[in-house]
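Please read the structure below before turning to the comments.
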Amino acid sequence: MPDTPIMTLSHFAVPVADMPTMERFYTETLGFVVTDRRKFEKSELVFMSRSPDEHHQLVLQAGGKPRDEFNHLAFRVDSLTDLRQMLDILSPLPGTAVETVSHGTTWSIYFRDPENNRIEILTPTPWHVEQPLRFEVDYGLSDADLIAATEAHIRDLPGFCPREEWFAAHTASL
């Protein structure tokens, strides 16, 4: 295995058909800020970020190449409080079906943007467990009850351990 630095995801480029609708959704609903806008060849590009450390975390691209399908975009938030805040913002939107799940390693919400691209917003749990894993959770529970219910669901699954223990073992092999 090559000696490579630890990397974190920087950004996604998303093909769009209706730039104004998609730009409004990402700025007004998800709180992104437009950091740049360019015409490039036959494409219109809108660069967006929610981080002062990243020029862009998301690029919307209209025109140019044919629209390709991708699995989903994933955005990390800092806490269950932040995740519930996003759930409160998204749930009342017309036509937005929000799924509330855990992967054992994260608590997540899934939904679709106006052009049917799947989006995940997540916050990490304190544990690691082998993937793939997905089960429904109730974000109406208190933090303590949600933590207890999640741990009870995953405690006996393969790979279960504290996140810090998994991280230490995983990074030692990089």
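Each residue of segment 104-116 in turn: what ³J(HN,Hα) in whole Hz from Karplus with 6.51, -1.76, 1.60 and θ = phi - 60°, glycine and Pro shown as x?
Ordered by residue, 3J(HN,Hα) equals x, 8, 9, 9, 9, 10, 10, 7, 10, 7, x, 9, 6 Hz.
Which shape class applies to segment 11-66: rounded if a/c is under 1.5, otherwise prolate when a/b exceeds b/c and oblate if not, where a ≥ b ≥ c are the square roots of the Cα gyration tensor eigenvalues?
On the way: a/c = 2.16, a/b = 1.42, b/c = 1.52.
Oblate is the answer for segment 11-66, as a/c is 1.5 or above yet b/c matches or exceeds a/b.
Most exposed first by the Cβ proxy, i.e. fewest other Cβ within 10 Å, how do Trp166, Trp107 rank? Write out the running numbers ahead of the final one.
Numbers: Trp166 16, Trp107 24.
In order of increasing Cβ crowding within 10 Å: Trp166, Trp107.
Tell me, what HN-Hα J-couplings in whole Hz come from the Karplus equation 6.51 cos²θ - 1.76 cosθ + 1.60 at θ = phi - 60° for each residue of segment 75-84, using x for Gly and Pro?
Here the 3J(HN,Hα) series is 10, 9, 10, 7, 7, 4, 4, 5, 5, 5 Hz.
Could you give the dipole magnitude of the chain about its Cα centre, charging the beta-carbon of Lys and Arg +1 and that of Asp and Glu -1, in debye to the nearest 20?
On the way: 15 positive and 27 negative charges, 122 e Å.
It works out to roughly 580 debye.
With an 8 Å Cα cut-off and a minimum separation of 6 or more residues, compute the relative contact order for segment 71-174 in percent. Numbers along the way, then the final one.
On the way: 154 pairs, mean separation 27.3, N = 104.
After rounding, I find 26 percent.
Could you grab the relative contact order for the chain? Cα pairs under 8 Å, six or more apart, rounded to a whole percent.
About 18 percent, as a whole number.
Once amide H atoms are placed 1.01 Å from N in the peptide plane, what residues at a sequence separation of 5 or more from Val77, or on another chain, have their amide H within under 5 Å of its amide H?
For Val77, whose amide H was placed from the backbone, the distant partners under 5 Å are Leu122, Thr123.
Order of Ser142, Ser91 from fewest to most other C-beta atoms within 10 Å? Write out the running numbers ahead of the final one.
Numbers: Ser142 9, Ser91 13.
Ordered from fewest to most neighbouring Cβ atoms within 10 Å, Ser142, Ser91 come out as Ser142, Ser91.
Based on other C-beta atoms within 10 Å, arrange Met86, Met48 from fewest to most. All intermediate terms of the calculation are to be shown ahead of the outcome.
Working: Met86 20, Met48 24.
Ordered from fewest to most neighbouring Cβ atoms within 10 Å, Met86, Met48 come out as Met86, Met48.
What does DSSP give for the chain in terms of the percent of beta bridges that are antiparallel, rounded to the nearest 5? Walk me through the intermediate numbers first.
Numbers: 28 of 37 bridges.
So the antiparallel bridges amount to about 75 percent of the total.
Each value in this text was obtained by applying a stated rule to the coordinates, not by laboratory testing. Remember, predicted model here, so these are calculated numbers, not experimental data. All Cβ positions, even for glycine, are placed from backbone atoms using ideal geometry, and neighbour counts span all protein chains on display.
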